[in-house]
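Read through the structure below, which is laid out as structure tokens, and then see the notes.
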Amino acid sequence: MEKKEFKSESRRLLDLMINSIYTNKDIFLRELISNASDALDKLYYRSLTDEKVKVDKDNLLIHLAFNKDERTITITDSGCGMTKEELEENLGTIAKSGSLAFKDNMTNEEKVDIIGQFGVGFYSAFMVSDRIVVKTKSYNSKDAYVWESEGVDGYTIDKCKKDDVGTEITLYIKEDTEEYEYSKYLDEYELKRLVKKYSDYISFPIKMEVTHHHMKDEEKHEYEDIKETETLNSMIPIWKKNKNDIKDEDYDNFYMDKFNDFDKPLKVISSSVEGMCSYKSLLFIPSHAPYDFFTQNYEKGLSLYSNGVLIMDKCPDLLPDYFAFVRGVVDSEDLSLNISREVLQESNNLKLIAKNVESKIRKELETLLKDDRDNYISFFKTFGVQLKYGVYNNFGADRDKLKDLVMFYSSKKDKLITLKEYVENMKDGQEKIYYAAGSSISKIDKLPQVEQVKDKDFDILYLTEYVDEFCITAIQEYEGKKFANVENEDLGLESDEEKEEVKKVNEESKDMLDAMLEVIGDDVKEVKLSKKLKSHPVCLTTKGDISIEMQKVFDAMPNDLGVKAEMILEVNEKHPISKKLKDLYASDKESFDKYTKILYSEARMIAGLPIEDPTEISNLICEVISK
Ligand code: ADP
């Protein structure tokens with residue numbers, strides 16, 4: 001028997017593939033089954049175009065078998081088979097390009113790139129086998145041939161006996177090693193699982209003899225094993241079925257089954273797109289967050305199929321981060337099956353699909369918000385943070401796509417509203433969209449600065465999530481209306497007259513205010529008397545872009561970014577405390593300092609900021625109240 005060597009570049013490629021490129025060994029079965037399916041397609045197609053070729057459609061199938069003792073898996077198909085020349089051509093050369101040369105200094109990505117361009121599916125079987133035997137008989141040849149190989153060393157081809165047209169591939173499964181338990185593939189359950197997972201939608205039946213444990217005699221509790229041939233795949237993917245034939249329940253069941261959820265999805269989005277790149281997609285918005293959604297372990301992505309064959313379980317490139325919660329499948333005929341992850345990322349068709357998928361999800365959410373608000377709010381309470389994060393991520397690149405999907409709590413309506421709704425209900429003369437941030441609705445509602453805006457009968461958005469202010473800052477303005485934090489020093493709510501008056505009282509008390517600033521130190525930029533507070537004695541306001549709530553977020557980060565809000569301590573000029581301060585400043589400097597410290601701590605407390613030395617403040621308060 002003559003032993004042939006693989007062409008040199010094939011050897012390198014084979015070696016590389018077996019040992020480094022595909023990390024997921026499970027896919028070997030998918031590769032062999034899709035080759036078998038292709039061979040069946042080819043034969044069927046010939047029979048339609050050549051009347052000499054006759055096939056019985058019921059006979060077009062794939063058979064799977066395994067033998068634990070001999071450590072073999074056999075995949076048999078009744079497809080077109082191969083002639084001797086085809087065997088030589090198809091299985092003797094991996095990459096058919098003769099000019100293909102590997103250089104040692106190529107990066108793994110470059111190698112993967114090359115592999116992606118050529119058919120290497122069959123060779124993935126060497127990841128789990130140390131010997132492969134292929135018996136095949138072409139539909140237009142009388143003779144059958146056997147190809148045999150133990151991997152990189154080469155292969156042999158011989159005549160053999162085989163009655164039926166088609167191909168039978170036997171894999172001799174590797175012995176277990178410390179790193180990998182190859183024996184797991186010699187198991188009925190595992191093979192069934194792999195077929196279900198990767199090849200469920202292959203359009204020909206994949207059959208296997210399975211063992212059923214039957215009760216033989218109920219009274220005696222006797223069992224017997226019955227062997228039955230079972231079709232392992234469902235053959236028609238739900239997304240390829242006619243929409244009218246599918247009940248909501250079918251979609252729900254498919255979702256719960258495939259994505260291991262106990263609850264029905266909140267929304268099902270199915271679409272079929274014809275065009276430059278045709279595809280069908282079936283997407284689901286879960287009704288609750290998966291248990292690991294907010295952890296680093298959560299992997300976003302959609303299952304990607306090429307004509308019914310799974311290429312990737314979770315293709316991350318199909319979903320933007322802000323829609324990471326969406327689950328589902330995309331099936332396209334315009335994507336090559338033997339494509340590696342790295343090559344796929346660069347595929348323009350994939351990018352096109354991703355773009356369409358994104359806008360489809362967005363439109364569906366907009367519709368949900370419009371037509372089924374309760375459900376939208378339920379969705380938003382679960383995944384809204386993700387959308388808000390999407391608004392400010394990437395320097396706000398996606399903000400215009402998402403700004404109509406985000407909602408905030410309205411002080412007037414006492415529920416979540418959109419920015420559009422806020423602007424539509426603005427009062428005459430209201431120029432800005434007001435918001436206030438804090439850790440809870442009730443806490444924000446009691447903020448001294450909120451009072452002045454409410455007095456004007458303006459609505460205020462209450463922001464309670466840490467992403468909220470970043471989100472609003474990224475949106476910048478909505479329909480020409482700028483956002484204003486009520487804690488901002490100058491909200492522009494006062495008349496010129498009022499401003500003039502405030503300026504005057506501050507000038508009159510300049511020395512006292514400077515003295516207060518000195519007591520407090522660098523924490524605040526300024527101390528001033530104000531007329532905008534109604535009942536509260538003091539509050540902290542800010543100047544510039546960083547608010548107090550934002551500073552809290554920065555403070556909670558592991559590395560100190562040195563970001564500080566520019567704070568101003570405002571003392572209510574109309575409050576009796578203001579007169580008290582003036583008196584003490586004139587007569588009792590020591591008490592004046594103590595009062596200042598207490599008042600500043602009060603303002604920090606209201607803003608939810610920590611107090612540097614609580615013991616000192618507690619003592620000061622006791623001292624003052626026990627007088
Ligand atoms: P690809 O399927 O991407 O072309 P493979 O390495 O998986 O690459 O297979 C190489 C070729 O071998 C196939 O294109 C096909 O012509 C042939 N082949 C593989 N398996 C079969 C089969 N079961 N029946 C007929 N031909 C096959």
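The values are calculated or read from the model by the stated rules, or taken from the named source; none is laboratory data. Every value quoted in this text rests on a predicted model; they were computed, and no experiment measured them. Because the Cβ atoms are built from the backbone with ideal geometry, glycine has one as well, and the counts that use them run over all protein chains shown. The protein model used for the area step is the full one, side chains on, heavy atoms only, and it has no ligands, DNA or RNA in it. Shrake-Rupley method; radii C 1.70, N 1.55, O 1.52, S 1.80 Å.
Compactness of the chain was expressed as the Cα radius of gyration divided by 2.2 N^0.38 Å, which yields 1.40.
Describe numerically, in nm with one decimal, the distance between label points set 7 Å from Cα along Cα→Cβ at E623 and at K413. Once both label points are built, they end up 5.1 nm from each other.
Can you tell me how much longer the chain between S141 and N394 gets when fully stretched, taken as 0.36 nm per residue apart minus their C-alpha distance, in nm with one decimal? Write down the numbers at each step before the final one.
On the way: separation 253, 0.36 × 253 = 91.08 nm, distance 6.07 nm.
Length gained between S141 and N394: 85.0 nm.
Relative to the first principal axis of the alpha-carbon coordinates of the chain, what is the inclination of helix 496-508, with its axis defined by its Cα atoms, in degrees from 0 to 90 and to the nearest 10? Helix 496-508 sits at roughly 70 degrees to that axis. Ligands, DNA and RNA are left out, and with a 1.4 angstrom probe the accessible area of the stretch 166-286 is 59 Å² per residue.
For a modelled paramagnetic label at V505, 7 Å from Cα along Cα-to-Cβ, the residues of the stretch 534-568 in reach, with backbone nitrogen under 17 Å, are 534-541. For the pair K161 and D187, a Förster radius of 30 Å applied to the C-beta separation gives a FRET efficiency near 0.50, rounded to the nearest 0.05.
Could you tell me which of the pairs K351/K432; K240/K300; K314/K381 are separated by over 28 angstrom between their Cα atoms in the structure shown? Exceeds cut-off: K351/K432.
In plain terms, the C-alpha convex hull of the stretch 528-621 casts an average shadow of 7.0 nm² when viewed from every direction. When peptides 495-501, 445-451 are ranked by their average number of other Cβ atoms within 10 Å per residue, the highest-first order is 445-451, 495-501.
Please compute the length gained on full extension between K427 and D374, using 0.36 nm multiplied by the number of residues separating them and subtracting their Cα-Cα distance. Walk me through the numbers on the way to the answer.
On the way: separation 53, 0.36 × 53 = 19.08 nm, distance 2.67 nm.
Once the chain is fully extended between K427 and D374, it gains 16.4 nm.
Taking 20 Å as the limit for the C-alpha separation, the pairs K413/K454; K68/K174; K264/K420 exceed it in the case of K264/K420. Once the Cα-Cα distance is subtracted from the 0.36 nm per residue extended length, the D176 to K454 segment shows a gain of 92.8 nm.
Got a number for carbon plus sulfur as a percent of the chain's accessible area, 1.4 Å probe? Write down the numbers at each step before the final one.
Details: 14780 of 32620 Å².
Percent of accessible area from carbon and sulfur atoms in the chain: 45.
The mean accessible area for residues of the stretch 377-501, using a 1.4 Å probe and ignoring ligands and nucleic acids, is 47 Å² per residue. Oblate is the label for the stretch 140-200, because the ratio a/c of its alpha-carbon gyration tensor axes (a ≥ b ≥ c) is 1.5 or higher and a/b is not greater than b/c. The angle separating the long axis of helix 348-371 from the principal Cα axis of greatest extent in the chain is about 50 degrees. Rounded to the nearest 10 degrees, the inclination of helix 373-396 to the longest alpha-carbon principal axis of the chain is 90 degrees. Ignoring lysines fewer than eight residues from K57 along the same chain, the ones with Cα atoms less than 19 angstrom from its Cα are K42, K137, K207.
Cβ-Cβ distance of Y298 and K196, R₀ of 25 Å, FRET efficiency by 1/(1 + (r/R0)^6): the value works out to about 0.60. Each peptide in 163-174, 232-243 receives the mean, over its residues, of other Cβ atoms within 10 Å, and ordering these scores from highest gives 163-174, 232-243. Once the C-beta distance of K351 and K314 is scaled by a Förster radius of 22 Å, the resulting FRET efficiency is 0.80 to the nearest 0.05.
Can you tell me the order of 322-328, 531-537, 155-161, 464-470 when each peptide is scored by its average per-residue count of other Cβ atoms within 10 angstrom, highest first? Numbers along the way, then the final one.
Details: 322-328: 22.9, 531-537: 16.9, 155-161: 14.1, 464-470: 19.7.
So the peptides 322-328, 531-537, 155-161, 464-470, ranked by packing, come out 322-328, 464-470, 531-537, 155-161.
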